[in-house]
1. What are the radius of gyration and Dmax of the range 289-406, computed over its Cα atoms and given in Å?
2. Could you give the length gained on full extension between ARG279 and GLU383, defined as 0.36 nm per residue of separation minus the Cα-Cα distance, in nm?
3. Along Cα→Cβ, 7 Å out, is where each label goes; now give me the distance between the ones at GLU37 and GLN247 in nm to one decimal.
4. Extending each Cα 7 Å along its Cβ direction at THR401 and LEU260, get the distance between those two points in nm, one decimal.
5. Please list 317-327, 273-283 highest first by mean number of surrounding beta-carbon atoms within 10 Å per residue.
6. Distance check, please: which entries in LYS114/LYS309; LYS114/LYS339; LYS226/LYS290; LYS226/LYS347; LYS226/LYS293 exceed 27 angstrom between their Cα atoms?
7. What length, rounded to one decimal in nm, is gained on full extension from GLN286 through to SER44, with 0.36 nm per residue of separation minus their alpha-carbon distance?
8. With each pseudo-label sitting 7 Å past Cα toward Cβ, what's the ASP58-ALA86 distance in nm, one decimal?
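Derivation of every value follows stated rules applied to the coordinates shown; laboratory data play no part. Just so we're clear, the structure is a prediction, and the values are computed from it rather than from any experiment. Using ideal geometry, Cβ is built from the backbone for each residue, glycine included, and neighbour counts are taken over all protein chains shown.
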Amino acid sequence: MANNSTGKRQRAWQTQRLAVIAFLGLAGCAVNPVTGERELSLVSEAQELAVGRENYADYRQQQGGDYTLEPELTRYVNRIGQALSAHSDRPNLPYEFVVVNNPTANAWALPGGKIAINSGLLRHLDDEAQLAAVIGHEIIHAAARHGAAQMSRGMLLNVGLAAIAVGSQGSSVEWLGTASQYGAAAWMAHYGRDDELEADYYGMQLMVAAGYDPLAAVELQQTFVKLSEGRDSDFVSSLFASHPPSQARVDANRALVDRLAVSGERYRERYALTTAALREAQPAYQAAEKARKLLQQKRFEEALAESDKAVAVLPQQVQFWLLRSAIWGALERPDNAEKALTTAIGKQPDYFLPHLLRGQLRWQQYQWSASAADYRASYQRLETAQAAYFIAQEALQRSDTVTADRYFTAAISHGGDYAERAAAERQKLRQP
């Protein structure tokens, strides 16, 4: 028995060793298109483009949906982005630039040149050159394949899954697939210090090539560093996570400005004119932020009064109606909460969240059919485990076991708490 057990372990470790070698054999080196340096890469350019293409719409939904109040803003940002990207080392990437309806000051790039700027960031910049500094930085993340590098590192870190899989009677194919999934999620990970410095350095050179003053990039980082000293401010709160500011970045940017010894355009008036409506609505966003804090403090009536101010200034902003719905829900007024969500849907029909929240509210009110319709509308816009789970539950009530099984399976694929609940429900459904 002992010899037989030892032989099994030896065969298992040999299988594991071969699997790891096979995986590492897939690894290759690629040249960073921006720096010219050779780097480890487990992700082809076709895979990189696919990741950006397949996730761009979903991530915009997750971040608040496209900013539709002023379509000219996205056209303006896109013009700047296309002008900058033409000077990049990968000018033929399928670049896209949109403004997302999110009040926090942030910007992000997916692999393949899919870039978004939060509307909250535009409310705080001083001129077009500073906006160009932000966009140029994000273009370099895409052009230098920083997202693909993150994915590769994530996959490589999970080579150890082979040992776990072999130990639990898994196959090399299974663990390789799992490693790939971990790697594919890595484009959302934080960029490293070197990536940030690289994006600053080459992004500023894009600015110069497009005729902008690179000093704007120094000013931008100075502002971020100053505000990072008091993190209670929401100005760059989300920026700390994905683009951590530092004095080292300020110093490096200033040193590059000195070496370049050039100046350029700032386009203050053009920026002020294009973002005028967004800036004029600042009191509405301040009132909404105050309402959120009051809601957290359970001062519901005061929160409602502040949300009234926000809606009065900017009634088309869907985020304000979602906030009012949350306040009405806290006040145990579900009818008013539903009216607020219905208004939100009317303001931005293509945004998934109002549909999801109204589906949740209607389910709590035992309005099964209406709730399922909302969940389906939400799922069409962004596939979530919660929506899939309740679509399946409503199908069960109609004895439609085929639809229920399909949506329970979908919920499981999305992960999270609802995935666990869906797995239990599907198991019961499939029992003889």
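1. Considering the range 289-406 through its Cα atoms, Rg and Dmax are 15.5, 48 Å.
2. Extra length available between ARG279 and GLU383 comes to 34.1 nm.
3. 2.5 nm
4. So the two model labels end up 6.7 nm from each other.
5. 317-327, 273-283
6. From the list (LYS114/LYS309; LYS114/LYS339; LYS226/LYS290; LYS226/LYS347; LYS226/LYS293), the Cα-Cα distance tops 27 Å for LYS114/LYS309; LYS114/LYS339; LYS226/LYS347.
7. Going from the current span to full extension adds 82.7 nm.
8. That separation, rounded to one decimal, is 3.4 nm.
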